[in-house]
Every structure is written in structure tokens, then in C-alpha cells.
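Report on the structure given below.
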Amino acid sequence: DGTIEDSDKMVYGMNCTLCTTINEEPFINWISNNNEVDKNKLVSTTWYRGDNFDYGDNYKTNLESTSNSYEGRIGLIRVGEILSEQSETILSKKHLSENNHQYAQPFWNATPHNNSSLAWSTYSVGDAYGYSIQNKNAVRPVIMISPDVQITSGNGTFNSPYEI
């Protein structure tokens, strides 16, 4: 139904690893609207979290790292993969108001922080920030679509979304 229950949430803490404990099925059901044909368009891939990252480190080094890999159909953004936090749809409350970064929530990144009590999060204006693992943040799932899938129409905008 689109509601993320406690059992669906990603676990983060000292004894587990961000991303590898995410319950994929609720996200896959949500993304595919519970359509089996669309679910099959999502494929498993190897995701890389990278090495421990700290303020001042070169994000390009993190993006080139093949450390801390995991397999799955759902991944998370790493530090440096996205420089702007939000889409226009989120910033405008689905085109119902003027764009404002305050409408957006910080979201967790897959990149491990140098400090084990912190995790990287992308903040509302797009910069990476070390948050306490006790905080609650949003999750932005990243998916891998089968290379066989083709866009049949649309241009990727709100009024003309891609159709595959």
C-alpha cells in the first residue's frame, strides 16, 4: 500500500551494515506497483559502498572503489554520486507549491563513515553530512533495470514520464 512498516525499514547500527540489511521486497513492490512483469525488469547487480570516508576525502576515490560490495536489486546512493539532493517533484511537493529545499528530507548514503557512530547522509541543500546512526533519515532506493528494457515514450518530466 506504499506505507513503509517497521519491518521494511533499513537497519543501521554497530552490528550490521547499511544496505546489506535493507528489506528489498517492499521497495520492489512499490517501484513496480506490485506488477510481476515490471518486477522482472529489475535485475540484481553488485553494488559498492566504498571505503570508510571522512570530511575532506576525495569523493572520486570513493566512487572508483570496489570495496564493501553486496548483491541486490536495490542499492543506495554513495557520497559523490549525486550532488543535488532533490528532484523538482520533491522540491515542489509534486508541483503543488514553489520549489523549496525545506520540503526535502535528508537521506542515508551507502558510503561508510570513518566514525563508526556516524553514517553519511545527503542534506537538504545537497551536501554530504555525517549523521548519528541514532537519527532517522529517508532512504532513496537506487535500482538496476535490465538492459533489455526500452523507453517507449515520454521525456522523463512530471507531465510526460518515461514509459518502458
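Amide H contacts under 5 Å for Gly72: Thr45, Trp47, restricted to partners 5 or more places along the chain or on a different chain, H placed in the peptide plane at 1.01 Å from N. 3J(HN,Hα) couplings calculated from phi for the range 113-128 with the Karplus curve 6.51 cos²θ - 1.76 cosθ + 1.60 (θ = phi - 60°) are, in sequence order, 8, 4, 8, 5, 8, 10, 9, 6, 9, 9, 8, 4, 9, x, 9, 7 Hz; Gly and Pro show x.
3J(HN,Hα) couplings calculated from phi for the range 150-164 with the Karplus curve 6.51 cos²θ - 1.76 cosθ + 1.60 (θ = phi - 60°) are, in sequence order, 10, 6, 9, 6, x, 10, x, 9, 4, 7, 9, x, 4, 10, 10 Hz; Gly and Pro show x. Coupling constants for the range 59-74 follow from the phi torsions by the Karplus curve (6.51 cos²θ - 1.76 cosθ + 1.60, θ = phi - 60°), and in residue order they are 5, 5, 4, 4, 5, 8, 6, 10, 7, 6, 7, 8, 9, x, 8, 10 Hz; glycine and proline get x.
What the range 28-157 shows is 59 Å² of accessible area per residue, with the surface traced by a 1.4 Å probe over protein heavy atoms. If you take the Cα centroid of the range 50-76 and the Cα centroid of the range 101-146, the two points sit 13 Å apart. The order of the peptides 124-135, 103-114, 40-51, 148-159 by mean Cβ neighbours within 10 Å, most packed first, is 103-114, 40-51, 124-135, 148-159.
The values are calculated or read from the model by the stated rules, or taken from the named source; none is laboratory data. What you see is a predicted model, and the numbers here were worked out from it, not measured in a lab. Quick reminder, even Gly has a Cβ in these numbers, built from the backbone with ideal geometry, and neighbours come from all protein chains shown. Areas reflect the complete protein model, heavy atoms only, side chains present, ligands, DNA and RNA absent. Shrake-Rupley method; radii C 1.70, N 1.55, O 1.52, S 1.80 Å.
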